[in-house]
Amino acid sequence: MAFLNRRIIGAVLALGVVLVLGVVTYWQQLLERPLPVTEPLVYEVKSGLGAHQVMAQLQALEVLPEVWPLKVWLKLNPEKARLKAGEYQIPAGLNAYELMALLASGKTVQYQVTLPEGLNFAEALQLLQQQEKLTIKTTDLTFPEIMQQVSGKPLEEVEHHEGRFFPDTYQYHKGVTDLQILKRAYDKMNRVLEEEWQQADKAALPYKSAYEVLIMASIVEKETGVPEERSRIAGVFVQRLEKRMRLQTDPTVIYGLGDRYQGNITRRHLKEKTAYNTYRINGLPPTPIALPGREAIHAVLHPLKEGDLYFVARGDGSHKFSKTLEEHNKAVRHYQIYKRKQDYQSAPSAQ
């Protein structure tokens, strides 16, 4: 009788083990089974939400067919429940294990914004404020207040805003603020300018400070879109400074006109004495006029001095350089008068 009871107990225990193993196997299969996500989707873990709230949301979105397998797993692995806020792209083919690992990884969806060379600060700020995924904090701030925020300096000590931000492509995730992007651009400009300034032969250059380099670089950035011309244009301006000639560069005039500039510089504009009219003032204007890139900064610290004192636009983005005023006037007549008339068409050519 006792032997029979032992056999019954053994059979029950064996059946129990089989059942437990079956349940565990089924549980693991549910966790390892690909989720019903047929194409990538973006899901945001809101700040302050716990793992169970996130799972309920994912079930409502039909990403998780069942939540109990994950609840059991998280009970056994509580450290896996520490999810990080942000947007995540959930790819097709992911299983429940991998989903929770993704939401705990902090590898959120990344966006990017490019601040192109040559923008002025107002244009760069407007571009940032148009980015939907950025949190905008600058709308009600003045330019000096923005500089205070990004530099960490007292308001009375902040620098002029123009030219202080490095043009580049910046990665960010949802929730990052425009001030944070500006802070990164401000810090990078300081690093790049210092690196280039320290490597330059300062004794051979007419600049009193790295800030004057920034001013000159912004002018070169606005004068040409042809990379190989930067050093030569910088050479023209450096040689003019050394000869105490005025820079006579249109981009500074345009900057000084501000909103009054409507697409054309008039003789009246060139005669108007503003702090930025380099046809009327000696030396550099008081501040940069745009965001210069590293190449422009490098160019003004390593100018190509070939005796050129003048240049005129050819009309194709490049410039004709001249050593004398006579050569320059001839180039102006050719490229700005004769060639314009020659290429002019009042209507498209018949095909």
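Bear in mind that the values in this text are calculations on the coordinates, not laboratory data. Being a predicted model, the structure only gives us computed values, none of them experimental. Cβ placement follows ideal geometry from the backbone for every residue including glycine, while neighbour counts extend to all protein chains displayed.
For the chain, the Cβ-based charge dipole about the Cα centre amounts to some 240 debye (Lys, Arg positive; Asp, Glu negative; other atoms uncharged). Rounded to 0.05, the FRET efficiency of the E32 and A85 pair, given R0 = 41 Å and the Cβ-Cβ distance, is 0.95.
According to the Kirkwood relation over distinct C-alpha pairs, the hydrodynamic radius of the range 111-192 is 12.7 Å. Extension gain for Q130 to D201 (0.36 nm times residue separation, less C-alpha to C-alpha distance): 21.4 nm. Extension gain for K188-N77 works out to 35.8 nm (0.36 nm per residue, less the C-alpha to C-alpha distance). To the nearest 0.05, how large is the calculated FRET efficiency for Q262 and E159 if R₀ is 41 Å and r is the Cβ-Cβ distance? Here the calculated transfer efficiency is 0.85.
Screening the chain for DSSP H helices whose Cα atoms reach 30 Å or more along their own axis and whose mean Kyte hydropathy is at least -0.5 gives 2-32. Distance from a point 7 Å along Cα→Cβ of K273 to each backbone N in the range 217-251: keep the residues under 16 Å and list them by number. In the range 217-251, the label zone of K273 (backbone N under 16 Å from the point 7 Å along Cα→Cβ) covers 246. Set against the labelled values [x] 1.60; [y] 0.97; [z] 1.24, Cα Rg over 2.2 N^0.38 Å computed from this structure falls on [x]. Give me the percent relative contact order of the chain, please, defined on Cα pairs under 8 angstrom at least 6 residues apart. Contact order relative to length: 14 percent. For the chain, excluding the exposed loop sites themselves (GluC sites (Glu not before Pro), DSSP loop, at most 16 other Cβ atoms within 10 Å), the longest remaining stretch covers 160-271.
Dipole of the range 33-109 computed with +1 at Lys/Arg Cβ and -1 at Asp/Glu Cβ about the Cα centre; of T108, A51, N77, farthest Cα towards the positive end is N77.
Considering Cα pairs under 8 angstrom that are at least six residues apart, work out the relative contact order of the range 111-192 and quote it in whole percent.
With pairs under 8 Å counted, the relative contact order is 41 percent.
Each Lys or Arg adds one and each Asp or Glu takes one away; over the other residues whose Cβ falls under 9 Å from the Cβ of H173, this sums to +1.
Quote to one decimal, in nm, the extra length available between Q57 and A92 on full extension: 0.36 nm per residue of separation minus the C-alpha distance between them.
Extra length from Q57 to A92 when fully extended: 10.8 nm.
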